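The values are calculated or read from the model by the stated rules, or taken from the named source; none is laboratory data. Source: prediction; values computed, not measured. Cβ: placed from backbone, ideal geometry, glycine included. Neighbour counts: every protein chain shown. Accessible surface is based on the protein model in full, side chains and every heavy atom, while ligands, DNA and RNA are left aside. Shrake-Rupley method; radii C 1.70, N 1.55, O 1.52, S 1.80 Å.
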Amino acid sequence: MSSRLLRSVRSGRRPAPSRPSLARRLPMVAAAVVVAGLATACGPSSTPAGSAAPAGAQKPASAPAADRTSQDASPAVSATASVLPSASASASASVPASPPGAATGSSSGSAGKGGGAAGSGSGSGSGTGGAKPTSAALPAPAPAKVPGPGYDSSADARALIDAALRSAKSDGRMVLLDFGANWCGNCKAADKVFAQPATSALLADDYHLVKVDIGGDSSANSALLRKYSPSGGTYTMPVLVVVSPSGTTRVDTHVTGNPSLTADGIGSFLRKWAP
């Protein structure tokens, strides 16, 4: 009976697990030390080294790891943000500012290349019929004074002629000498035509008219007639002589004869010999 109970007790015992020997435990201890050293170097872990997380359980270490990553990243970002402005400022400060002439020079250089054609065009144009700068037009000279009818026997005819020649040199007009007398009918007819507006305008625009009395006893005025009409023609008064600004006689009606003493006749004569 006792032996039967003993057997039953023995049969109900589970054999105790055998302890590993010291030789087998040493490698495991060394491995644990290495793992512990690695865990210490990598930072604390919420899960003990060498223990497996139970299946289906959430990993609580992931959130702290993310938080730790964001915390670690934010100082880096702030450090980077604090470094970047200074770096950009130092970079901009280290880069020398281009001198004012650099951009201008490059742009002017390119403009010079592009504008070379324009420059050459303007240069060649100025020599070959291009647009020439127009000088300011000189104001037209004031109309010359036209003396009235009749002849002044007391006037200094020589001085009047000299003054008319000086004026002609400055304004380019011709000098018209009218030799006549107050008793001459043809001279009176010519005076009437000279007084007409159209003929008076022609005289004022193109001539300096000087009237010389040769109907009296003035030897000085007769000498002037011989000077400007040296051939001494046969035609009667009035004697009309056109003189250039240099004092050269261009036409003498004492030789050629007077034109028709009308507006058309005298007008044609004045236009023909105008400057």
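Condition first: out of contact with any Gly (no Cβ under 9 Å at 6 or more places or on another chain), open to solvent by less than 20 Å² (accessible area, probe 1.4 Å) and free of Cβ contacts under 8 Å to residues at least 24 places away in the same chain. Now tell me which residues in segment 235-264 satisfy that.
Result: Val251, single match.
Going by the conditions given, is Val212 outside any helix (DSSP H, G or I), at pLDDT 95 or above and within 21 Å of Ser154 (Cβ to Cβ)?
So Val212 fits the description; yes.
Would you check if Lys188 is closer than 27 Å to Pro141 by Cβ, in contact with a Pro (Cβ under 9 Å, 6 or more places away or on another chain), touching a residue at least 24 places away in the same chain (Cβ under 8 Å) and not aliphatic (A, V, I, L, M)?
In short, no.
Which count do you get for residues in segment 215-224 that are open to solvent by 30 Å² or more (accessible area, probe 1.4 Å), in a helix (DSSP H, G or I) and within 18 Å of Cys187 (Cα to Cα)?
1
Looking at segment 173-206 only, could you name the residues that are closer than 20 Å to Asp156 by Cβ and part of a strand (DSSP E or B)?
Val175, Leu176, Leu177, Asp178, Phe179, Gly180
Hey, could you check segment 185-200 for residues that are crowded, with 20+ Cβ neighbours inside 10 Å and closer than 23 Å to Asp171 by Cα and say which is nearest to the chain's Cα centre (by Cα)?
Ranking the candidates gives Thr199 first.
Condition first: within 60 Å of the chain's Cα centre (by Cα), surrounded by 17 or more Cβ atoms within 10 Å (Cβ to Cβ) and closer than 15 Å to Ser218 by Cα. Now tell me which residues in segment 154-184 satisfy that.
Ala157
Which pairs turn up if I take residues in segment 212-234 that are touching a residue at least 40 places away in the same chain (Cβ under 8 Å) and look for partners that are open to solvent by 30 Å² or more (accessible area, probe 1.4 Å) and among the aromatic types (Phe, Trp, Tyr) with beta carbon separation below 8 Å, at least 6 apart in sequence or on another chain?
Gly215/Trp183
For residues that are closer than 24 Å to Pro149 by Cβ, part of a loop (DSSP other than H, G, I, E, B) and not hydroxyl-bearing (Ser, Thr, Tyr), tally how many sit in segment 234-259.
Of the residues in that region, 5 qualify.
Tell me which of these Leu203 doesn't satisfy, since it passes every other one: (1) open to solvent by 50 Å² or more (accessible area, probe 1.4 Å); (2) within 54 Å of the chain's Cα centre (by Cα); (3) not hydroxyl-bearing (Ser, Thr, Tyr).
Of everything listed in (1) open to solvent by 50 Å² or more (accessible area, probe 1.4 Å); (2) within 54 Å of the chain's Cα centre (by Cα); (3) not hydroxyl-bearing (Ser, Thr, Tyr), Leu203 misses just condition (1).
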